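A quick write-up on the structure given underneath.
The values are calculated or read from the model by the stated rules, or taken from the named source; none is laboratory data. Predicted, not measured: the structure shown is a model, and the values here were computed from it. No Cβ is skipped: glycine too gets one built from the backbone with ideal geometry, and neighbour counts run over all protein chains shown.
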Amino acid sequence: MSGTDTAGLCEAVTLLPPGLRSALLEAHPDVDRQRVADELVCALEAHPRGEHFAVLYDDFAAPALGALWTRWAEGEPPATYWLRPDCTRSSPHREACGHFAAHTGLHTWEAATAPRRP
């Protein structure tokens, strides 16, 4: 499934496979199962090719400083997930980036203000 290019974001969409959801819940029994994403939307800057990335779960209690992310290629379901540390960059207005450390493309506050591409 693919999304649309809105305000500089990729927004490709796919669904979390039931087996991957089960594996996540088994490996992380303390997560709130209602807050695990089932519809996955690529959170990165619009990109013509390559892997898509989406947050699966981002409600860990302190001191955890990261989120569970997954990735997939167009036409393929996500097959794995991993805990990625949060991006440490913030905007001049102190808005934290919502992506993982060392992500490609724009930070979340930059993508939110980027002009739409034709």
(request) Could you tell me whether segment 25-36 includes any residue that is part of a strand (DSSP E or B) and surrounded by 15 or more Cβ atoms within 10 Å (Cβ to Cβ)? (result) no
(request) Evaluate the following for Arg94: is it on the phi > 0 side of the Ramachandran plot and not small (Gly, Ala, Ser)? (result) yes
(request) Name every residue in segment 69-111 that is part of a loop (DSSP other than H, G, I, E, B), of a type in the set (A, V, I, L, M), modelled with pLDDT of 85 or more and in contact with a strand residue (DSSP E or B) (Cβ under 7 Å, 6 or more places away or on another chain), in order of residue number. (result) Ala101
(request) Please determine, by comparing only the residues of segment 76-95 that are of a type in the set (A, V, I, L, M, F, W, C) and under 14 Å from Val55 (Cβ atoms), which one is surrounded by the fewest Cβ atoms within 10 Å (Cβ to Cβ). (result) Trp82
(request) Working only within segment 1-16, note down all residues that are more than 16 Å from Pro48 (Cβ to Cβ), in a loop (DSSP other than H, G, I, E, B) and at pLDDT 85 or above. (result) Leu16
(message) Looking only at segment 49-65, count every residue that is at pLDDT 90 or above and over 22 Å from Leu25 (Cβ atoms) and tell me the total.
(response) 2
